[in-house]
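In what follows, a single structure is set out as structure tokens and then discussed.
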């Protein structure tokens, strides 16, 4: 096998992509660093050079996917509130479609009960919640029911998109409509 020359940053990103794909396909306990190294065409030692343990490797996959998601869904604050939320939702649905393996891997990570992974996902939810609150009228920002509802809606969107990438029983527009209707229902007062 011919190895492709990569910079350290490119090699690291390549390993994370392969790991994300493998963790999406298999439960955490069934993914072996040796298998990731084989698929990447690198030595096990090089894997451990970049990631000292399987846990740290997986945490970095979750961190990378979370950062991608936040970047992909960054709001355009020049839009009216409903358009901002709809655009962010559209971006998340597109992200889920284009990075289905990452969505699956993150979901598996959420089920592990690992404190570092939980912290990454809690922070991502908080950023998404604050983005939506910033777009809503000021009266909503201090309403604890609205804050709680938004966190629930964000979890709902994640669950709906995971189901969509797994089963594909709805089309993209139906997923969008379902999520927007749920948000509308949550914010009605």
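The values are calculated or read from the model by the stated rules, or taken from the named source; none is laboratory data. Keep in mind that this is a model prediction, so the values were computed, not measured. Here the Cβ positions follow ideal geometry from the backbone for every residue, glycine too, while neighbour counts run over all protein chains shown.
Criterion applied to 48, 95 was being outside the structural domain of residue 168 (by TED's automatic domain parsing) and part of a helix (DSSP H, G or I), and the one residue passing it is 48.
If you go through segment 18-33 and keep only what is in a helix (DSSP H, G or I) and within 12 Å of residue 57 (Cβ to Cβ), you end up with 18, 19, 20, 22, 23, 28, 33.
For segment 126-172, name all the residues that are surrounded by fewer than 16 Cβ atoms within 10 Å (Cβ to Cβ) and under 12 Å from the mean Cα position of the chain (by Cα). Answer for segment 126-172, where residues must be surrounded by fewer than 16 Cβ atoms within 10 Å (Cβ to Cβ) and under 12 Å from the mean Cα position of the chain (by Cα): 155, 159. Name the residue that is surrounded by the most Cβ atoms within 10 Å (Cβ to Cβ), counting only residues in segment 98-115 that are without any contact (Cβ under 8 Å) to a residue 60 or more places away in the chain and part of a helix (DSSP H, G or I). Result: 106.
What are the residues in segment 64-73 that are in a helix (DSSP H, G or I) and buried (at least 20 other Cβ atoms within 10 Å of the Cβ), if any?
Restricting attention to segment 64-73, the residues satisfying the condition of being in a helix (DSSP H, G or I) are 64-72.
Residues satisfying the conditions are 64, 65, 66, 69.
Residue 82 meets each of the listed conditions (1) in a helix (DSSP H, G or I); (2) closer than 24 Å to residue 123 by Cβ; (3) in the same structural domain as residue 135 (by TED's automatic domain parsing) apart from (2). Can you pull out every residue in segment 110-168 that is on the phi > 0 side of the Ramachandran plot and modelled with pLDDT of 90 or more? Answer for segment 110-168, where residues must be on the phi > 0 side of the Ramachandran plot and modelled with pLDDT of 90 or more: just 168.
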